[in-house]
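**Q** Below is the structure I would like to discuss, written out as structure tokens.
The values are calculated or read from the model by the stated rules, or taken from the named source; none is laboratory data. None of the values given here were measured: they were computed from a predicted structure. Glycine also receives a Cβ, built like all others from the backbone with ideal geometry; neighbour counts cover every protein chain displayed.
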Amino acid sequence: MIRGTAGSALPRRGRPGPGTRRGTRPRAPLAAIALLIPALLGAAGPSGETVPLSGNGPGERLDVTLGQVVDPASPAPGDSERLVSVQFHLENTGTAVYKDSPAPAAHLLDAYGQRYAGFNASTEAGAAFPDTVTLSPGGTARGFVTFRLPEDAPLAAVQFALNGGLSDDVGQWSLS
């Protein structure tokens, strides 16, 4: 089930998205659409919006907010690649303790349909999350996840899912 939110690039169930007339379809490369379909099981929102996500276990629930997107983030790895750092704010709204690694839980997608895994690296953008974040119910954490991608890859979206990125509930924020 797709749970769209205001400002989302994805249409809500049976209803056109903002700025989309009924009967028209958003235009996107077919390869990107094919890659995104498995990830569209969760909520979508624009940058800065909070998306509630559930994990695979009982009581696992986080509100995830996309903060800054720093492109490029220094130091750059080489001439043909760049680093992009994305800030997330996590709030445990569930009843279970959240203990997970945010870096593998996050993915960056480019406009060509390529998906890049996050990793822990502090950049000039700010401090990375620790390898493992532990939050009691009501607890919060803020940090950056970094991605390495080709210099010319246009950013399209960021995704986040609990359980190391393996939860079926996936949050997605449009960057275009």
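**Q** Tell me, which residue of segment 95-135 that is among the hydroxyl-bearing types (Ser, Thr, Tyr) and in a loop (DSSP other than H, G, I, E, B) is modelled with the lowest pLDDT?
**A** Among residues in segment 95-135 that are among the hydroxyl-bearing types (Ser, Thr, Tyr) and in a loop (DSSP other than H, G, I, E, B), the one modelled with the lowest pLDDT is Ser122.
**Q** Restricting the search to segment 73-95, which residues are surrounded by 15 or more Cβ atoms within 10 Å (Cβ to Cβ), in contact with a Pro (Cβ under 8 Å, 6 or more places away or on another chain) and small (Gly, Ala, Ser)?
**A** The answer is Gly94, and nothing else.
**Q** Among the residues of segment 59-79, is there at least one that is small (Gly, Ala, Ser), without any contact (Cβ under 8 Å) to a residue 60 or more places away in the chain, under 21 Å from Ser167 (Cβ atoms) and in contact with a strand residue (DSSP E or B) (Cβ under 7 Å, 6 or more places away or on another chain)?
**A** No, that holds for no residue.
**Q** Same structure again: Which numbered condition in (1) touching a His at 6+ places or on another chain (Cβ under 8 Å); (2) at positive phi is the only one that Gly138 fails?
**A** (1)
**Q** Can you name the residue in segment 113-125 that is polar (S, T, N, Q) and over 16 Å from the mean Cα position of the chain (by Cα) and, of all such residues, is surrounded by the fewest Cβ atoms within 10 Å (Cβ to Cβ)?
**A** The selected residue is Ser122.
**Q** Please specify each residue of segment 126-148 satisfying the condition of being surrounded by fewer than 21 Cβ atoms within 10 Å (Cβ to Cβ), hydrophobic (A, V, I, L, M, F, W, C) and closer than 17 Å to Glu81 by Cα.
**A** Within segment 126-148, none qualify.
**Q** If we keep just the residues of segment 149-176 that are part of a loop (DSSP other than H, G, I, E, B) and small (Gly, Ala, Ser), which is surrounded by the most Cβ atoms within 10 Å (Cβ to Cβ)?
**A** Going through the qualifying residues, I end up with Ser167.
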